[in-house]
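J.: A single structure is presented below for examination.
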Amino acid sequence: MKSKFFLSACWLIPHIFLSSIAHSLRGQQESQTVNGSSSIWSIAIHGGAGADPKRWTHEQIQLRMEGLHAALQVGVSSLESGGEAMDVVEAVVRALEDHPHFNAGRGAVWNAEGNCMLDASIMDGHQMLCGSVASVQRVKNPISLARRVISDSAHVFLVGDGAEKFAEQLGVALVEPDYFRTDEQRRSWNRWKERDVTNKTSWNQNPINVDDPLFYLGTVGCVVLDSHGNLAAGTSTGGLLGKRWGRIGDSPIIGAGNYAKNATCAISCTGVGELFIRHAIAMRVSLQMELGGKSLEEAASEAIDSILPKDSGGLIAVDHRGHIAMPFNTPGMARAAARSDGYRMAALGKEESP
Ligand code: ASP
């Protein structure tokens, strides 16, 4: 009896010892990934979905790639030194807004009356706080004003004159409307004006005519998992070329073009906003993970490939473990991504997908 006890103890004690080491190692790995107390971080950015980049000039390709690389580097540098998700998203989106070859901030598309009307939103997945602005015409960096909606107002969404008065009160940088207008967008708008009325009124409701280089959308966005385990998402746009006065797309609408929740993921969309709003695309991706048990990759692909019609746009997303998804159903989507494990990519068209 005694020897039996002795034998089982000889087997059991090292077993318990080894499995407790394995358990604590697993726990460590888990907490490194989930709580982010280590150095794990992920970032993805986009510069809009739409027409095939093969139809662009060499110069257009180069300028957009340079813009993506520069904005990604802003985010990577900050994340490497422990930057917070909301700060990183704001800084990266500002860089893209300031770049004249994306449809956000300077370089935004013109609406039917030839004005730039800008929309933006930002969301903090940790505290579930969000701020949006829409139809602003003088705010240099709409993403920063959207963030001030969170920190300095009791609201989540400010529009038009009210949003600009709010900016004035806070001393947020304002510019003359001409600051946003570039020659490239003037040429696009002139070509758009020459089109017949049917084209002008129908395309907001439909997928993009991807054979037409005019329909490179160029909205910008950034999603981040920081090394503290927090997620954030930001999106900024001039909307759709030739949009009607007063039209607001998905970009400033939380749950449609932008969303973040620490338990699931952070998402920023680009495409025909009307379609993203109808299907609550950003929220759908998060809910498919939370309630549907899908992975980030599955939830993001389902939204873009099964829910939205072909040629309507794409999205970027990171989850709470640092996975990245960037599906799109148009010929191109300007995008770039990086992770703390050394992964880096930047691409405009399909064939360059990671
Ligand atoms: N989604 C934006 C909008 O509909 C446009 C874009 O993504 O380029 O306003």
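J.: What does the charge add up to near Asn190, with Lys and Arg as +1, Asp and Glu as -1, over the other residues with Cβ less than 13 Å from its Cβ?
T.: Counting the neighbours of Asn190, the net charge comes to +3.
J.: Now for a different question. Calculate the spin-label point distance for Lys54 paired with Asp341, positioning each point 7 Å from the Cα along the beta-carbon direction, and give it in nanometres.
T.: Using points 7 Å along Cα→Cβ, the separation is 3.2 nm.
J.: Multiplying the sequence separation of Arg244 and Glu66 by 0.36 nm and subtracting their Cα-Cα distance, what value in nm do you get?
T.: Full extension of this stretch gives 60.9 nm more.
J.: A further question on this structure: About the Cα centre, and with charges only on the beta carbon of Lys, Arg (+1) and Asp, Glu (-1), how big is the dipole of segment 222-279? Nearest 20 debye, please.
T.: The calculated dipole for segment 222-279 is roughly 240 debye.
J.: How much net charge surrounds Ser227 when only the other residues with a Cβ under 10 Å from the Cβ of Ser227 are counted, with Lys and Arg +1 and Asp and Glu -1?
T.: Once all neighbours under 10 Å are counted, the net charge is -3.
J.: While we're looking at this one, here's another question. Longer than 26 Å from Cα to Cα, which of Lys310/Lys350; Lys54/Lys261; Lys165/Lys243; Lys294/Lys350; Lys54/Lys294; Lys54/Lys310 are they? Say none if no pair is.
T.: Cα-Cα > 26 Å for Lys54/Lys261; Lys54/Lys294; rest within.
J.: Quick one: if you stick a label point 7 Å off each Cα along the C-beta vector at His279 and Gln73, how many nm between them?
T.: Simple spin-label model gives 3.7 nm for this pair.
J.: Residue separation times 0.36 nm, minus the C-alpha to C-alpha distance between Leu291 and Asn115: what's the value?
T.: Residue separation times 0.36 nm, minus the Cα-Cα distance, leaves 59.2 nm.
J.: With a 10 Å Cβ neighbour count serving as the proxy for reagent exposure, in which order, fewest first, do Arg187, Arg64 appear?
T.: So the ranking, lowest neighbour count to highest, is Arg187, Arg64.
J.: Something else now. So for Asp341, Asp152, Asp98, Asp226, fewest C-beta neighbours within 10 Å to most, what's the order?
T.: Asp341, Asp152, Asp98, Asp226
J.: If you stretched the chain out fully between Asn190 and Ser153, how much longer would it get, using 0.36 nm times the residue separation minus the C-alpha to C-alpha distance?
T.: Using 0.36 nm per residue and subtracting the Cα-Cα distance, I get 9.4 nm.
J.: Could you put Val220, Val318 in order, starting from the residue whose Cβ has the fewest other Cβ atoms within 10 Å?
T.: Fewest-to-most Cβ neighbours within 10 Å comes out as Val318, Val220.
J.: Shifting gears a bit: Under a point-charge model restricted to the Cβ atoms of Lys and Arg (+1) and Asp and Glu (-1), what is the dipole moment magnitude of segment 237-354 relative to its Cα centre, in debye to the nearest 20?
T.: Approximately 360 debye in magnitude.
J.: With a sphere of radius 10 Å drawn around the Cβ of Ser42, what net charge do the other residues whose Cβ falls strictly inside it have (Lys, Arg +1; Asp, Glu -1)?
T.: Net of charged neighbours comes to -1.
J.: Once the dipole of segment 84-123 is set up with Lys and Arg at +1 and Asp and Glu at -1 on Cβ about the Cα centre, which of Val109, Ser121, Val93 lies farthest towards its positive end?
T.: Going by the Cα projections, it comes out as Val109.
J.: Order 156-165, 235-244 from most to least packed using the mean count of other Cβ atoms within 10 Å.
T.: Final packing ranking: 235-244, 156-165.
J.: What is segment 232-281's relative contact order, in percent, from Cα pairs under 8 angstrom and six or more apart in sequence?
T.: Value for segment 232-281: 38 percent.
Coordinate-derived values only; no laboratory data. A quick note: this is a predicted structure, and the numbers were derived from the prediction, not measured. As a convention, Cβ positions derive from the backbone with ideal geometry for all residues, glycine included, and neighbour counts pool all protein chains shown.
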